[in-house]
1. Given Cβ point charges of +1 (Lys, Arg) and -1 (Asp, Glu) and nothing else, what value in debye, to the nearest 20, does the dipole of the chain about its Cα centre take?
2. Tally the DSSP beta bridges in the chain and give the antiparallel ones as a percent, rounded to 5.
3. Do any GluC sites (Glu not before Pro) in the stretch 177-246 lie in a loop, going by DSSP, with at most 12 other beta-carbon atoms within 10 Å of their beta carbon, and if so which?
4. In terms of the Cα gyration tensor, with a ≥ b ≥ c the square roots of its eigenvalues, is the stretch 357-404 rounded because a/c is under 1.5, prolate because a/b exceeds b/c, or oblate?
5. Computed on alpha carbon atoms, what radius of gyration and Dmax characterise the stretch 115-196, expressed in Å?
6. For the stretch 5-111, state which GluC sites (Glu not before Pro) are in a DSSP loop and have at most 10 other beta carbons lying within 10 Å of their beta carbon.
7. Which of the chymotrypsin sites (Phe, Trp or Tyr not before Pro) across the stretch 253-356 are loop residues per DSSP, with 15 or fewer other Cβ within 10 Å?
8. When a/c reaches 1.5 or more, the comparison of a/b and b/c decides; with that in mind, is the stretch 179-254 rounded, prolate or oblate per its Cα gyration tensor?
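What follows draws every value from the coordinates through simple rules; no lab data is involved. Note that the coordinates shown come from a computational prediction; the quantities given were computed from them, not determined experimentally. Because the Cβ atoms are built from the backbone with ideal geometry, glycine has one as well, and the counts that use them run over all protein chains shown.
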Amino acid sequence: MEEKIWYTTDFIREAVKEDIASGKCTEIRTRFPPEPNGWLHIGHAKAIAVDFTVAAQFNGTCNLRFDDTNPEKEDMSYVEAIKRDVKWLGYDWEDREYFASDYYEYLYDIAIKLIKKGKAYVDDLNDQEMREYRGTAVPDKNNITHTPPGKNSPWRDRSIEENLDLFARMRAGEFADGSKTLRAKIDMTHPNLVMRDPVMYRIRREPHYRTGNEWCIYPMYDFQHPLSDAKEGITHSLCSLEYEIHRPLYDWFITEAEVYPSRQIEFARLNITHTVLSKRWLLQLVRDGHVSGWDDPRMPTIAGLRRRGYTPESIRDFLGRISVSKTDSMVDIQLLEHCLREDLNKRALRAMAVLNPVKLVIENFDESEPVALEAVNNPEDESAGTRTIYFGRELYIERDDFMEV
């Protein structure tokens, strides 16, 4: 599918050009990696368009991968809804459909590798204790935020042999949920809190919608994501701006795991006036019965917009008009509505209807039979042809219009 309006330039495309020119990569591979815990909304459409059009512009490929490592919230129905919406928008991943849950054994092996390198350890701190040891950003007297050094866990210096044994027993289900975690061994004094020994695995006895009860330990997103990208040979991992602070950790896992060096690039997410684009809040609307479902026409989901009458062409046009930048901004919803009007104006057949009719008789109309009049179906499209409208003594007009007369 060609989208000329996207084939311009921005900082992402310039970065890709530089990587090609330097010989860092010869074939561009991107991916759209949703978590199957809800339906896609218009904000996701921007990420979809960026991922697929960047790949297309450089004659590359874009994968569809489901980052499904959170069994409490994920479901196959969400997978099917996501696939349906991406297809409807006009993008095709062909046979490149992947699931992070298919990589569980691969991820486990990498975790073992990091333990053997002395880069990961099993920790017994609970969530609250971990937060206290990690520390938090605090403002000083001038209201400038700084991050005091954290403290090492008492179990940080366990031997490699003990960590290997404990991690194997975690997988075997010997320990209670939340009693142990596997953490990366980085730097508890790092100014970026994300780098202070982040959790790689947690114990969670929760059936997974694809793997069932095969696993009772699940990888965390920050560990799984870069390694899944690497496994698929993703050259450019394009994601929203909130992951910029996570990029050092993304690079750390790739370097220490000694895998394919995918490059993460962040861009600003889509914000639209008068529109809630939080999956958590949209899910609450559905669960609390405020809407009839994810595809309620009042919802900003792709399915909701489809039911409201939006076309995929109008949404792609809208996405092509807004900028891809590093700065958060707010787009007026009127631009989205304008794109729909422009698209419908080109394709929609004209018709007339009287919703609240009043019968009107023209007594001095001499014709015994109605007069056939020809009207164009679409003044923007001659191929749409014409239709016949009959004019006679008996007419129907809107009641409100009649009252004005």
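1. 1340 debye
2. In the chain, DSSP labels about 65 percent of beta bridges as antiparallel.
3. E214
4. Since a/c reaches 1.5 but b/c is at least a/b, the shape of the stretch 357-404 is classed as oblate.
5. Over the stretch 115-196's Cα set, Rg and Dmax evaluate to 14.8, 51 Å.
6. Filter output for the stretch 5-111: E72, E94.
7. none
8. oblate
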